[in-house]
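To start, the structure under review is shown below, and the notes come after it.
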Amino acid sequence: MVSLSKKLRQPIVVVLGHVDHGKTTLLDKIRGTAVVKKEAGEMTQHVGASNIPISVIEKVTEPLKKIIPLKLTIPGLLFIDTPGHELFSNLRKRGGSVADIAILVIDINEGVMPQTVESIEILKSRNVPFVIAANKIDKIPGWKPNPDTPITISLKKQDQATVKRLESLMYKLIAQLSNYDISADIFERIRDFMKTIPIVPVSARTGEGIAELLAVVAGMAQRYISEKLLYVEGPGKGVVLEVKEQPGFGTAIDVILYDGIIQERDTIILAGLNGPIVTKVRAILMPKTVTDIRVAKTELKTVELVSAAAGIRIVAPNLEDAVAGSPLYVVPQESEIDKYKRLVQEEVETVRFRKDVN
Ligand code: GDP
């Protein structure tokens, strides 16, 4: 654990899992919960990501204080908006992933499916710690929905037969996961979250269990990866999520900034199809603050400076050849351009870029 006086950035969270197991619904629910619980002016909007401020996490997890005591110094959680592996594979960085922690969504009624296995393999290979959301508990026969209630409380309101059905599905899931060398258990029974993967029963539809899920994700990030989250006020480092046309500006890149600072007019280096691109930031765009985070984030405004972690759109000349998944560095001094070019080149050589990534 790091000292509390040091400033931490938000962990970057991704959601993975089999198709139709509820990734999109879960992300929508989490964002929706944040909208309801936030104070005015609290929510900074990002491009390609959604920030859940710590004040929201504290409010949502308030009823759990006795069960999951949390002392959080992270400023929040930054969820990548697009779930699934395709985007996850673009989040790579030297020696691992830009994602600090993941939520693996499994429909508890279906169990482990092919893309669940793929997700487990990709998370293991990139060394990303994860939490399992055992979703769609509201579909268990006899389930009485208690909207937006912690699972610990909702369970007390269920018939014994329903609780038994949930338990037996949980044990079946734990047994299935052990076939893939995953030692997992119900979150309440775990002492060491790095050895055993916690499973939180949730319903993305009713919101049951979202409080525990956020508590476990935030708690794990705080307890086990805070060294990685130490905020450094250095030159920005990021990864390109997407390359797109920005009307009136030309080609733009959507970037997840995971370290440091980026400013207008900074020199940046990233990978292009024909070698490293060296260019100067013309504008940094972020969504206008709106009251409902679920509305399309189409209206952007320019910002002069952004610090990690953040999702931003960057407009600059010569971005036509930029590739999704590319590393991006802010160059601290012009004399270091060659050094950073080599760095980008080396990183690109370790991964095979597909021309159709964007
Ligand atoms: P994704 O492909 O993993 O992103 O899955 P979606 O979020 O699109 O969900 C697939 C379907 O399952 C949709 O019809 C959702 O409404 C439904 N769904 C998702 N979560 C839940 C849940 O917790 N309970 C129920 N009953 N349905 C859900």
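The values are calculated or read from the model by the stated rules, or taken from the named source; none is laboratory data. Keep in mind the model is a prediction, meaning the values are calculated, not measured. Here the Cβ positions follow ideal geometry from the backbone for every residue, glycine too, while neighbour counts run over all protein chains shown.
Below is a table of values for the structure above.
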| quantity | calculated |
| --- | --- |
| Residue in the stretch 162-218 that is surrounded by the fewest Cβ atoms within 10 Å (Cβ to Cβ), counting only those that are within 16 Å of the ligand (Cβ to nearest atom) and more than 20 Å from Gly111 (Cβ to Cβ) | Thr206 |
| Candidate set: the stretch 1-34, residues that are modelled with pLDDT of 75 or more and surrounded by fewer than 20 Cβ atoms within 10 Å (Cβ to Cβ); chosen: the one farthest from Val117 (Cα to Cα) | Lys7 |
| Residues of the stretch 124-140 satisfying the condition of being more than 13 Å from the chain's Cα centre (by Cα) and buried (at least 21 other Cβ atoms within 10 Å of the Cβ) | Ile132, Ala133, Ala134, Asn135, Lys136, Ile137 |
| Among (1) surrounded by fewer than 18 Cβ atoms within 10 Å (Cβ to Cβ); (2) at pLDDT 95 or above; (3) part of a loop (DSSP other than H, G, I, E, B) - the single one Trp143 does not satisfy | (1) |
| Check on Asn146, over 16 Å from the mean Cα position of the chain (by Cα) and more than 16 Å from the ligand (Cβ to nearest atom) | no |
| The listed residue being away from the ligand (no atom under 16 Å from the Cβ), closer than 24 Å to Lys124 by Cβ and not β-branched (Val, Ile, Thr), out of Leu27, Leu8, Leu77 | Leu77 |
| Any hit, the stretch 159-171, residues being closer than 21 Å to Val15 by Cα and in contact (Cβ under 8 Å) with a residue 24 or more places away in the chain | yes |
| Leu16 being under 16 Å from Ala215 (Cα atoms) and within 13 Å of the ligand (Cβ to nearest atom) | no |
| Those residues of the stretch 37-52 which are in a strand (DSSP E or B), modelled with pLDDT of 90 or more and not small (Gly, Ala, Ser), in sequence order | Asn51, Ile52 |
| Search result, residues across the stretch 97-116 that are within 11 Å of the ligand (Cβ to nearest atom) and among the hydroxyl-bearing types (Ser, Thr, Tyr) | Thr116 |
| Residue match in the stretch 230-243 (condition: within 16 Å of the ligand (Cβ to nearest atom), in contact with a strand residue (DSSP E or B) (Cβ under 8 Å, 6 or more places away or on another chain), over 17 Å from Ile74 (Cβ atoms) and small (Gly, Ala, Ser)) | no |
| Residues that are assigned to a strand (DSSP E or B) and either within 22 Å of Lys7 (Cα to Cα) or free of Cβ contacts under 8 Å to residues at least 12 places away in the same chain (or both), drawn from the stretch 244-254 | Glu245 |
| Test: residue in the stretch 86-96 that is in a loop (DSSP other than H, G, I, E, B), within 16 Å of the ligand (Cβ to nearest atom) and under 25 Å from Asn179 (Cβ atoms) | no |
| Selection count where residues are of a type outside the set (Asp, Glu) and in a loop (DSSP other than H, G, I, E, B), scope the stretch 165-194 | 8 |
